[in-house]
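Taking it in order: structure first as structure tokens, then the write-up.
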Amino acid sequence: MFIASEIEKFVKVVIAENLFAHVPARKKFLKSSKTEFRHILDIVTKFALAFPNVRFQLIHNGKQIIDLAETDDVSRRIKFLFGDLIHNNLLPVLQNEGHIKLSGFVGHPQIATSKPSKQYLYVNGRSITNKHINLAISESFFSLLSRDQYPAYVLFVETPPETIDVNIHPRKELIAFFDDKKVFEIVTKSLEQTLKKNNLSFQPSWKLNVGESRITESFAGNVLREKSQEWDITSLGKIDSGSGILQVHNT
């Protein structure tokens, strides 16, 4: 597969249209028109985030759905594709360590979603999933989100090709790192720094000793440490609400 810079050497414009005009897809494998269009939109979104320096247009039934101008700022793409709410609650991530570079954005906990629909991970420009990176991100947000919430993120990992294995999935949607532990540590360290810098309570569970608290030195952490109290539904009227903070399910 050509990367964007290689494509530009040969052509200026790539158009994909009427892919199944002469060789129709097997109907029994197709979902509803709405579902199939959502799949197309998801693919275009993934490529648009990976290559902000390339213009993308998506036209559906004669109507222009997306028209993304070239840019050198991926956060502009995020703003257009996901709106102001997500764009305005992005926390920048940047970590260089050894042969691995991590960059991009994670979303503030308040824009977490009930499905992993706003999670985009790229390794060397390819949209992929990796269980160790997913675990690192989940652990990083452990004390900030309930277990049924998913943080939003657009993250880019750059590493020498020889440090990864791209042949563990037939469609190349999964990859494996030859040093999974190192990648896990770098992602966790980077998110820890990002969350602490933005005054958010943070402590990954894998760093805790038995009996150790997850509360850190953020503003919310200090309030919870000083005013934490046991309660049940019958004692709601007795809770001191002067702090303006209520902790639920240890988050």
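Going through the stretch 104-162 one residue at a time, which ones are among the small types (Gly, Ala, Ser) and out of contact with any Gly (no Cβ under 6 Å at 6 or more places or on another chain)? Once the filter is applied, which keeps residues that are among the small types (Gly, Ala, Ser) and out of contact with any Gly (no Cβ under 6 Å at 6 or more places or on another chain), the stretch 104-162 yields Gly104, Gly107, Ala112, Ser114, Ser117, Gly125, Ser127, Ala136, Ser138, Ser140, Ser143, Ser146.
Residues are listed down the side, and each one gets a yes or a no for (1) under 19 Å from Lys118 (Cβ atoms); (2) over 22 Å from the mean Cα position of the chain (by Cα); (3) of a type in the set (A, V, I, L, M, F, W, C):
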{"position": "Arg38", "(1), (2), (3)": "yes, no, no"}
{"position": "Leu41", "(1), (2), (3)": "yes, no, yes"}
{"position": "Ala48", "(1), (2), (3)": "yes, no, yes"}
{"position": "Val54", "(1), (2), (3)": "no, no, yes"}
{"position": "Leu58", "(1), (2), (3)": "yes, yes, yes"}
{"position": "Asn61", "(1), (2), (3)": "no, yes, no"}
{"position": "Asp67", "(1), (2), (3)": "no, yes, no"}
{"position": "Thr71", "(1), (2), (3)": "no, no, no"}
{"position": "Ile78", "(1), (2), (3)": "yes, no, yes"}
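So which of Lys181, Lys196, Lys207, Lys189 is at pLDDT below 70 and basic (Lys, Arg)? Show your work before the answer.
Numbers: Lys181 fails: at pLDDT below 70; Lys196 fails: at pLDDT below 70; Lys189 fails: at pLDDT below 70.
The match here is Lys207.
Taking the stretch 89-175 and the strands (runs of 3 or more DSSP E) fully enclosed by it, the elements with 2 or more residues that are open to solvent by 70 Å² or more (accessible area, probe 1.4 Å), touching a residue at least 40 places away in the same chain (Cβ under 8 Å) and closer than 25 Å to Lys197 by Cβ are at 90-97.
Take the stretch 178-190 and flag every residue that is open to solvent by less than 10 Å² (accessible area, probe 1.4 Å) and more than 15 Å from the chain's Cα centre (by Cα). Working first, answer last.
In the first step, residues of the stretch 178-190 are kept if they are open to solvent by less than 10 Å² (accessible area, probe 1.4 Å); the result is 183, 186-188, 190.
Within the stretch 178-190, Val183, Ile186 qualify.
The values are calculated or read from the model by the stated rules, or taken from the named source; none is laboratory data. Every value quoted in this text rests on a predicted model; they were computed, and no experiment measured them. Note that we place each Cβ from the backbone using ideal geometry, even for glycine, and neighbour counts take in every protein chain shown. Ligands, DNA and RNA are stripped out before the accessible areas are found, and what is left, the full protein with its side chains, is counted by its heavy atoms. Shrake-Rupley method; radii C 1.70, N 1.55, O 1.52, S 1.80 Å.
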